Amino acid sequence: MDSCCESKAGELARLRGAQARVLYGVLGINGAMFVIEFVAGWLVGSTALLADSLDMFGDATVYVLTLYALNRSEKTRAGAALIKSLFMFVFGLAVIAEAIHKSITGSVPDAGAMGAIGALALAANTACFLMLLRYRSADLNMRSTWLCSRNDLIANSSVVLAAVAVSVTGTLWPDVIVGLAIAALFLHSAWRIGHEALAAWREAGAAREETPRPAGNAEASSCCGAKSCCGD
């Protein structure tokens, strides 16, 4: 019984440790790319780059919250995922506002610089996506983090295509349209993650109320929840 429990506790600790290392790595990448894209977006006048930089900032915040919730309860992890969805919703609205402003008062962005920075962001987020891929089904918290990374690839590819379209057409509309598309992606993901997180939050709260643990058995219950593991 003890050896079974110790083995499972060790496996869980190793899994959480591996997840933390990956999250620290993608946090560093996204933090650096936020600064690069935000500065470049203002300098070249690109709504799509600014939108993508806000995505990077939002992701960095997401990874911080994921790290915070990594070794905590199911309810805490669901709460962290819910906060992530709120961040994504706010950023989506901010991008829509910027796109509308740009369509009224903006000028045509520098297509070459826009494409180069977009390609750099695409390479960075491809690395993040591959790092997170194996953990996408670990739990809701890691799944929401992986979904953010997947969204990044779509957004980065759109920025590169927008840069090509701006160069070909000589207008700002491809940049504005991509900015709005990225915003729509934010809002859709925010709704999806928020819906799943709220359901998990309620389920965790109900389970906690229905199954109070005796103080003397708390350690054993947290280690081995199934009789098939430690029943003998």
## Note on the structure
Probe 1.4 Å, all chains present, heavy atoms only: THR169 accessible area in Å², nearest 10, is 80
### Task
Over all alpha-carbon pairs of region 42-113, lay out the pair-distance distribution in 5 Å bins, whole %, shortest bin first.
3, 16, 21, 16, 14, 10, 8, 6, 4, 2
### Query
Around GLU98, what is the net charge, scoring Lys/Arg as +1 and Asp/Glu as -1 over all other residues with Cβ under 13 Å from its Cβ?
-2
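For region 16-64, what is one quarter of the convex hull surface built on the Cα atoms, given in nm²?
On the way: hull surface 11.8 nm².
Quarter of the Cα hull surface area: 3.0 nm².
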### Query
If one puts a single equal scatterer on every Cα of region 94-174 and applies the Debye formula without solvent, what log₁₀ I(q)/I(0) results at q = 0.12, 0.22, 0.26 Å⁻¹?
-0.45, -0.97, -1.13
### Task
Could you work out how far apart the two model spin labels at SER167 and ALA123 are, taking each label as a point 7 Å from the Cα in the direction of the beta carbon, and quote it in nm?
1.6
### Ranked packing of 22-32, 88-98, most packed first, by mean Cβ within 10 Å
88-98, 22-32
### Message
Can you compute 3J(HN,Hα) from phi for each residue in region 189-196, using the Karplus curve 6.51 cos²θ - 1.76 cosθ + 1.60 with θ = phi - 60°, rounded to whole Hz and x for Gly and Pro?
### Response
5, 4, 5, 5, 5, x, 4, 5
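The values are calculated or read from the model by the stated rules, or taken from the named source; none is laboratory data. Keep in mind it's a predicted model, so treat the numbers as computed, not measured. For neighbour counting, all protein chains shown are included, and Cβ atoms are generated from backbone atoms with ideal geometry for every residue, glycine included. Each accessible area value is taken on the protein alone, full model and side chains, heavy atoms only, with ligands, DNA and RNA left out. Shrake-Rupley method; radii C 1.70, N 1.55, O 1.52, S 1.80 Å.
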